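Worksheet: the structure to be examined is printed underneath.
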Amino acid sequence: MLEEFPSGISDGPPSRPETDGPSEEPPVYRLIGDTHTLGGLPGAAQEFLRALDSVRKTLAADAGVSGTELRALSRVAEGRSVTPKALAEFLEMSTPAVTSVTTALVGRGLLTRSENPSDRRSLLLELTPEGHRIMETTYTAFQAAIAGAAAGLDATQVAGLEHGLSAMAESLAEAPRPSGSGYIVGPA
């Protein structure tokens, strides 16, 4: 018989038989035949990320850019100016691949390249006025999508969710990377 996923976050820990050692969390990962599944909080996080990916694809299409180009524009917008190397690290792409992406964005009038005053061997990428317009439209639409998704939550639930997401993001960014796992947790 297949054990069901735990329901996720509850008012208290699930009842477990007493043991001599520390109790283990109920499993949320299952391999059923050839199907890998997640339940509980990891499963909900996976569903949320997939929904965000779908929103990002829609926003990118509305802006007339690819998903990667939108991520690049967002990173530049958040930093005011970014070096190609920093952008490559953020996008987890090689420098030549980022050069291709940024060349396309420069060609469409969304980014500019200028000399880096603190490092003559490097360039700075910055948004053009059209790039700023696209980011304003995109961020406004993203804000509306998130507000719509949270419309059924009261102010206390929204505040709790905001706090929880921020705390989890910070924890994941600071987590050690498991050696040899192939799974990277945290910044490069």
Relative packing of peptides 77-84, 49-56 - highest average C-beta neighbours within 10 Å first: 77-84, 49-56
Karplus-derived HN-Hα couplings along the range 52-59 (A = 6.51, B = -1.76, C = 1.60, θ = phi - 60°), whole Hz, x at Gly and Pro: 5, 4, 5, 4, 4, 4, 5, 4
Paramagnetic label zone (point 7 Å from Cα along Cα-to-C-beta, SER171; backbone N under 14 Å) in the range 128-159: none
Cα-based shape type of the range 40-148, given that a ≥ b ≥ c are square roots of the gyration tensor eigenvalues and the cut on a/c is 1.5: prolate
Estimated FRET transfer efficiency (THR58, HIS163; beta-carbon r; R0 35 Å; 0.05): 0.80
Rounded D (µm²/s) - the range 42-89, Kirkwood Rh over Cα pairs, Stokes-Einstein at 25 °C, 0.890 mPa s: 206
Theoretical gain in end-to-end length, TYR29 to GLN143 [0.36 nm per residue, Cα-Cα removed]: 37.9 nm
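Every number here is computed from the coordinates shown, using simple stated rules; none is lab data. Just so you know, these numbers come straight off a predicted model, no measurement behind them. Backbone-built Cβ (ideal geometry, glycine too); neighbour counts: all protein chains shown.
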